[in-house]
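What follows is a set of notes on a single structure, which appears directly below.
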Amino acid sequence: MIITLTPNPSLDRTISLDGILARGEVQRAVASHVEPGGKGVNICRALEASGVESLAILPGDALDPVLIALSDAGIPHLGMPIGASIRSNVAITEPDGTTTKVNVPGPVLTPAQQTELIDLVLDRADGAGWVVLAGSLPPGAPVDFYADIIRRLRARYGSAAPKVAVDSSGAPFAAAVSAGPDLIKPNGEELAELTGIPDAEALEGNPSLVAAASARLVAGGVGAVLATLGAQGAVLTTRDGSWLAQTPPMVAVSTVGAGDSSLAGFLLSDLAGGSAPDALRQAAAHGAAAASLPGSTVPALNQTKPSDVTVTQLTHPKEDVQ
Ligand SMILES: O=P(O)(O)OC[C@@]1(O)O[C@H](CO)[C@@H](O)[C@@H]1O
């Protein structure tokens, strides 16, 4: 069982253009998709598509379009009523795969609502294999919101605590990293920010540098770093080493949620007893399959092609991981 917490979920609208996005112009879209979203929600959608038991915990009223869509799709979820609408995020995709995304802040969670949400996660985590803390924080939540959950899960369940994965951004991500989660899933930009590397683009294009930066986080107490690098592939770093996964070149349809699908692929392989390189291979296969689908559509395991993924071991100075 995998529990995800999405404290700032969204209704994702993806608008497809048949040309280039023109700022300041009126343009006609050729298609539009609406899906329940937010990183943890997407992860549960991907796990559910592959028959893996999961529960999406999120703030949201029973009649909110996001919760209705989750019910209609048969995604197990637990919504905490907030008396406000879940935000709507917009993505605009161009034929060459370029995706422009605009995310809005979302409804405020009061301190009492934050406590209630955290208690839901702590209570439901009993016996879970993984708890995934995913996405931005809603306005009103303190930066150590995720870090606090990690510490409280470990205080409550001790050696039986579920493993914790985090995918967020900015200060809340950095604070969570300092609590030593079992897995983090940054993209290149987030990894650069977490490790103080000024040139994110140079980092993304250099897998050995990604491995060395990730190794510093592992040395600091993070269990593993799954860095997703878009077309450059993905790099997994653990105390045992680093591996690079690469998929055949492709033109993306929509990259929205590809990172979430990668994390879902990693988790489902890990739950099935896969080795670190196996889990990385499935993560890359899931990410590529997601990018080939419209909107934030998630692939099922049988839509992914792990045999197309090349996994190679990377070297980085051993002292970096001690
Ligand atoms: O604003 P956040 O919480 O950082 O990201 C939200 C979001 O962009 O993440 C998912 C894709 O990863 C989308 O479903 C959703 O709109």
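The values are calculated or read from the model by the stated rules, or taken from the named source; none is laboratory data. From a predicted model like this one, the values you see are computed outputs, not experimental measurements. Every residue, glycine among them, receives a Cβ derived from its backbone with ideal geometry; neighbour counts consider all protein chains shown. Accessible surface areas use protein heavy atoms only, side chains included; no ligands, DNA or RNA. Shrake-Rupley method; radii C 1.70, N 1.55, O 1.52, S 1.80 Å.
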Inset, instruction - Looking at (1) under 23 Å from LEU5 (Cβ atoms); (2) surrounded by fewer than 24 Cβ atoms within 10 Å (Cβ to Cβ); (3) away from the ligand (no atom under 16 Å from the Cβ), find the lone condition where ASN302 falls short. - result: (1)
Inset, instruction - Could you identify the single residue in LEU17, LEU70, LEU21 that is in contact (Cβ under 8 Å) with a residue 12 or more places away in the chain and within 16 Å of the ligand (Cβ to nearest atom)? - result: LEU70
Legend entry - Single residue of ASP123, ASP182 found to be of a type in the set (D, E, K, R) and surrounded by fewer than 17 Cβ atoms within 10 Å (Cβ to Cβ): ASP123
Inset, instruction - Might you let me know whether region 307-314 holds any residue that is part of a loop (DSSP other than H, G, I, E, B), surrounded by fewer than 16 Cβ atoms within 10 Å (Cβ to Cβ) and either within 14 Å of the ligand (Cβ to nearest atom) or at pLDDT 95 or above (or both)? - result: no
Legend entry - Whichever residue in region 198-216 is at pLDDT below 95 and open to solvent by less than 40 Å² (accessible area, probe 1.4 Å) and, among such residues, is nearest to ALA245 (Cα to Cα): LEU203
Inset, instruction - Sort out which residues of region 70-87 are open to solvent by less than 30 Å² (accessible area, probe 1.4 Å) and out of contact with any Gly (no Cβ under 9 Å at 6 or more places or on another chain), and write them in order of number. - result: ILE75
Inset, instruction - Would you check which residues across region 149-171 are crowded, with 17+ Cβ neighbours inside 10 Å, of a type outside the set (Lys, Arg) and over 14 Å from the mean Cα position of the chain (by Cα) and list them? - result: ILE149, ILE150, LEU153, ALA161, PRO162
Legend entry - Any hit, region 310-318, residues being of a type in the set (A, V, I, L, M) and free of Cβ contacts under 8 Å to residues at least 40 places away in the same chain: no
Legend entry - Output for region 32-44, where each listed residue is open to solvent by less than 30 Å² (accessible area, probe 1.4 Å) and under 23 Å from ASP270 (Cβ atoms): GLY38, GLY40, VAL41, ASN42, ILE43, CYS44
Inset, instruction - Look through region 239-288, keep the residues that are hydroxyl-bearing (Ser, Thr, Tyr), more than 15 Å from the ligand (Cβ to nearest atom) and open to solvent by less than 40 Å² (accessible area, probe 1.4 Å), and return whichever of them is farthest from the chain's Cα centre (by Cα). - result: SER242
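On the basis of being more than 15 Å from the ligand (Cβ to nearest atom), open to solvent by 10 Å² or more (accessible area, probe 1.4 Å) and within 19 Å of the chain's Cα centre (by Cα), does GLU53 make the cut?
Answer is yes for this residue.
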Inset, instruction - State the number of residues belonging to region 88-118 that are farther than 14 Å from PRO139 by Cα, surrounded by fewer than 13 Cβ atoms within 10 Å (Cβ to Cβ) and more than 13 Å from the ligand (Cβ to nearest atom). - result: 2
